[in-house]
Amino acid sequence: MRAIAEQVEGNRVRLSVEVDESEVDQALDATVRRLSTQVRVPGFRPGKVPRQVLEARLGGASALRQQALSDALPDLYARAVVDTEVDPIAAPEIDIKSGEDGGPVTFDAVVEIRPTVSIAGYGGLQVTLPGIAVSDEEITAQVDRLRDQSGELTSVSRAARDGDHVSIDLHRSRQRGEDLHVEDYLYEVGSGAEIEGLDEQLRGAKTGDILQFAAPVRAEDSEDEAQIRVLVKDVKEKILPEPTDEWAAEASEFDTLEALQDDLRGRLRQLKLVQAQLALRERTVDALVGLVAEDPPESLVEEEVRERLHDLGHRLEARRLTVEQFLQASGRGEGELLGEIRADAARAVRLDLALRALADAEDVQVTDEELDGTIGEMAQQAGTSAADLRRRLDRAGRLPAVRSDRRKSKALTWLFDQVDLVDEDGKPLSRDDLHVDVAAQGAGDAEKGGQEGTADEAGPGEQGSEDVQAEGRSTVEAES
């Protein structure tokens with residue numbers, strides 16, 4: 001078999017394929033063997049039906065040949081795709097040119113291929129990251145937060161203001177629905193009560209004041225108005241302790257205020273480093289996607305939408321939720337959800353095309369050892385052996401896709417290492433400044449984030465490898 005590829009209109013390729021008569025004869029023999037076991041003919045056992053009888057049952061030798069060509073065309077087309085190294089993204093339009101009645105067979109297959117997009121300017125991308133320096137004002141704010149937790153409420157004779165705590169009796173009466181009455185309720189002025197207008201009424205109020213006002217009450221299907229009556233029984237100011245060594249020793253594990261401040265500074269810095277690293281990943285991807293001016297092929301977007309809907313269905317099923325319940329819980333309509341999924345799918349396709357273009361531009365290659373390592377990681381996650389997963393991937397024709405996804409992951413990691421980094425003031429940032437010292441960081445969110453790795457280690461590449469891992473899982477699931 002021989003195949004050549006030529007570009008035609010749009011993003012399409014015509015494969016011109018010529019099949020030798022000997023291969024056609026092999027396809028005929030294979031079809032005869034298959035039909036001989038499937039067609040039931042009185043007087044013949046399955047697998048023993050003669051070719052002449054099959055031809056008669058199908059309507060002649062020409063009909064048998066057409067059936068053989070129909071059986072063989074998918075495999076012949078697949079071989080032509082491999083031989084010409086095209087990357088189809090949709091089903092082909094096949095037209096048999098000659099050989100339907102005898103002799104060699106020639107056919108054309110016109111197919112849409114994955115486009116090569118332009119990412120001009122990728123070498124000069126600049127990413128703005130949030131600042132990682134910790135200011136004295138931020139440390140003071142953290143100390144004040146701890147002081148607030150240790151504060152004591154003291155009654156005052158002045159009018160209430162934001163931050164004060166007032167002890168109130170509150171009564172709400174409605175024309176429809178239940179009334180509400182609470183006594184000795186301690187409320188922080190300015191904290192945003194559910195009763196609209198309460199904060200405004202309490203600001204400037206003193207002990208003994210009686211406040212009366214109307215407030216809207218929003219029900220599920222209507223809006224009512226309630227009459228509110230509030231008795232201010234006490235106004236309390238929160239007195240914060242002085243930030244001294246004694247207070248620090250009582251409120252924390254540290255003996256001095258300076259030691260507490262140093263710990264807070266370290267925690268804040270680790271948190272800011274993690275935030276900067278996450279921003280590096282997200283904003284670098286956004287910048288790369290922004291270089292793609294071409295609209296993504298509709299066939300690729302539709303395929304991505306189907307995969308995302310399929311994944312959503314699996315996740316909802318695992319949680320014993322219906323789509324209707326999910327929509328109701330999320331407060332979205334079906335059209336809105338589909339619109340979001342389509343927008344995300346289009347962006348994912350743009351990113352895929354951009355990473356392929358970047359890998360080509362930088363000649364990123366994946367060695368056999370790297371491929372083996374990727375398959376090993378996939379096998380571990382899928383709960384199978386690397387040899388078994390490789391066999392399944394090979395049989396399903398997915399090894400090239402795994403190598404391609406690994407190549408995209410390497411390209412993305414390369415880009416993380418190359419983009420120019422600046423802070424929000426436009427000052428250059430060094431990648432050395434983004435290193436997280438996991439051993440030195442404290443507990444809480446900073447510790448959790450720091451364990452994800454540094455921006456120029458394995459972490460950023462994880463986003464590019466998610467498709468590889470999903471590929472392995474789907475292949476195993478499909479063949480289980």
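Projecting the Cα atoms of 402, 86, 428 onto the charge dipole of the chain, computed from C-beta unit charges around the Cα centre, puts 86 farthest toward the positive end. Farthest toward the dipole's positive end in the chain, which of 190, 384, 134, given Cβ charges of +1 (Lys, Arg) and -1 (Asp, Glu) about the Cα centre? It is 384, whose Cα lies furthest towards the positive end. Potential lengthening of the chain between residue 30 and residue 56 amounts to 7.6 nm, from the contour at 0.36 nm per residue minus the alpha-carbon distance. Compute the acute angle (0 to 90°) between the alpha-carbon long axis of helix 386-395 and the principal axis of greatest extent of the alpha-carbon atoms of the chain; round to the nearest 10°. Computed tilt is about 50 degrees. Loop sites here are trypsin sites (Lys or Arg not before Pro) outside DSSP states H, G, I, E and B with no more than 15 other Cβ atoms within 10 Å. The longest part of the chain free of them is 333-480. Out of region 1-101, which GluC sites (Glu not before Pro) are coil in DSSP terms and have no more than 14 other C-beta atoms within 10 Å? Sparse-neighbourhood loop GluC sites (Glu not before Pro): 9, 85, 100. For region 2-112, the Cβ-based charge dipole about the Cα centre amounts to some 960 debye (Lys, Arg positive; Asp, Glu negative; other atoms uncharged). Subtracting the Cα-Cα distance of residue 174 and residue 245 from their residue separation scaled by 0.36 nm leaves 20.2 nm.
When only the Cβ of Lys, Arg, Asp and Glu is charged (+1, +1, -1, -1), the dipole of the chain relative to its Cα centre reaches about 2400 debye. Report, to the nearest 10°, how far helix 136-149 tilts away from the longest principal axis of the Cα atoms in the chain, using its own Cα long axis and a range of 0 to 90°. For helix 136-149, the angle is close to 70 degrees. Centre-to-centre, using Cα atoms only, region 154-197 and region 311-389 are separated by 50 Å.
Readers should treat all values here as calculations from the given coordinates under stated rules, not as data from a laboratory. Just so it is clear, the structure is predicted and the values come from calculations on it, not from any experiment. Because the Cβ atoms are built from the backbone with ideal geometry, glycine has one as well, and the counts that use them run over all protein chains shown.
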